[in-house]
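Remarks on the structure that follows.
The values are calculated or read from the model by the stated rules, or taken from the named source; none is laboratory data. For clarity, every value in this text was computed on a predicted model and none was experimentally measured. With ideal geometry, Cβ positions are generated from the backbone for all residues, glycine too; neighbour counts draw on all protein chains shown.
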Amino acid sequence: MKFLKEQFGFSLIEVILAIGILSVIGVISSNLLTRTYRTSSDADFLSRLKQNGAVASDILGEAIRMADSVVCYEPANNSKVIIIRNLIGKYVRYRFVEPGGYIAKKEDIVPRDLSTFCQEDINTSGEAPITDRDPSSGVSITNGKFNYVPGVGGKDTVTIKFDVGPPLNQSGQAVIVNIQTTVQVR
């Protein structure tokens, strides 16, 4: 009588089947992880755009809100430049710079002649950007407009609108955040 030896281990078919099942599980897991990472990255990017837009809007809004008056505003509806006089009597210009995609601020502007102050050529020396222009972490500001509406009793309002997107030299993500705020001048 022959005795069968007890076999230890797995047969070739069992090993191949286990490898196949583990491969399918690995592919599914990697797809889920990749999708989760992409979603997280997109959410971080959108959050950064909104945060940069809100900061720029707050800076502009606070400056206009605390201004003594709006001195210059292009008569055309939806201007890209606005000049205010602050409470200490100094003139400050804000403008949307395109191309370039940023908001510029110039302080302590001295008018040569108040009657032609608003028509003077824009001298960009001494301007400082108030938005992040870093090519990797910054933003691009486009379609910027100031809309000035004179109010009754000196209660003028300025509506600020602009779009915030990725830096101009960065491709891949075409997310645009629209920012709009209306501010009443003191």
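Is there a residue in the stretch 46-57 that is surrounded by 11 or more Cβ atoms within 10 Å (Cβ to Cβ), charged (D, E, K, R) and at pLDDT 90 or above? For the stretch 46-57, residues surrounded by 11 or more Cβ atoms within 10 Å (Cβ to Cβ), charged (D, E, K, R) and at pLDDT 90 or above: absent. Asp132 satisfies every condition listed in (1) modelled with pLDDT of 85 or more; (2) surrounded by 14 or more Cβ atoms within 10 Å (Cβ to Cβ) except (1). The residue pairs whose first member lies in the stretch 8-22 and is surrounded by 11 or more Cβ atoms within 10 Å (Cβ to Cβ), whose second member is outside any loop (DSSP other than H, G, I, E, B) and not aromatic (Phe, Trp, Tyr), and whose beta carbons are closer than 8 Å, counting only pairs six or more residues apart or on different chains, are Phe10/Ala18.
Of all residues in the stretch 138-165, those satisfying the criterion of being within 14 Å of the chain's Cα centre (by Cα) and outside any strand (DSSP E or B) are Gly138, Val139. Can you find a residue in the stretch 139-156 that is of a type in the set (Ser, Thr, Tyr), under 18 Å from Val71 (Cα atoms) and at pLDDT 75 or above? Yes, because at least one residue in the stretch 139-156 is of a type in the set (Ser, Thr, Tyr), under 18 Å from Val71 (Cα atoms) and at pLDDT 75 or above. Among the residues of the stretch 166-186, those that are assigned to a loop (DSSP other than H, G, I, E, B) and closer than 17 Å to Ile83 by Cα comprise Val185, Arg186. Among residues belonging to the stretch 89-113 that are surrounded by 13 or more Cβ atoms within 10 Å (Cβ to Cβ) and out of contact with any strand residue (DSSP E or B) (no Cβ under 6 Å at 6 or more places or on another chain), point out the one that is farthest from Gly144 (Cα to Cα). Ranking the candidates gives Pro111 first.
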